[in-house]
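Structure record follows, encoded as structure tokens.
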């Protein structure tokens, strides 16, 4: 091998999970470039995201931006998290209520059969 190749080989970082996690790899600005082939539509499709328009109070937006910043997020991803949490909790609540009603119906039906 040439001296140049030997020098390059000595400067290489092994491509391990640890090297990526501790940012030895993947954070060099010298190797960053904006991707031309990925459009916003492709990203939205891949993540199953649909852009929407919503009107919120300015004070609420400012509060959400502050909370997002404290958590190291953008405010739109934070709003997505908030809405997902709410939807998950509501679905669980609705299912629990439905289950409770069905159990009461089943018990009432059994009582009628026994009587």
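Coordinate-derived values only; no laboratory data. Note that the structure is a prediction, hence the values are computed from the model and not measured. Cβ coordinates were reconstructed from backbone atoms using ideal geometry, including for glycine residues, and neighbour counts include every protein chain displayed.
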| request: Would you calculate, for the chain, the mean residue ellipticity at 222 nm contributed by helices, counting each DSSP H stretch of 4 or more residues as -39,500 (n - 2.57) and dividing by all residues, to the nearest 500? | output: -21000 deg cm²/dmol
| field | Distance histogram for the chain (every C-alpha pair counted, 5 angstrom bins, percent rounded to whole numbers) | value | 2, 7, 7, 9, 11, 12, 9, 8, 7, 7, 6, 5, 3, 2, 2, 1, 1, 0, 0, 0
| task | On a 0 to 90° scale, report how tilted helix 75-114 is relative to the longest principal axis of the chain, with both axes built from alpha carbons and the result rounded to the nearest 10. | result | 30 degrees
| field | Calculated FRET value between residue 96 and residue 66, using beta carbons and R₀ = 41 Å, to 0.05 | value | 0.80
| What nm distance separates the two modelled labels at residue 43 and residue 25, each placed 7 Å from Cα along Cα→Cβ? | 2.4 nm
| Can you pull the three principal axis extents for the Cα set of the range 55-114, in Å, largest first? | 61, 22, 13
| said: How far apart, in nanometres, would the label points at residue 54 and residue 108 be if each is projected 7 angstrom from Cα along the Cα-to-Cβ direction? | reply: 3.7 nm
| note | Helix 58-70: inclination vs the chain longest Cα principal axis, degrees, rounded to 10, gives 60 degrees
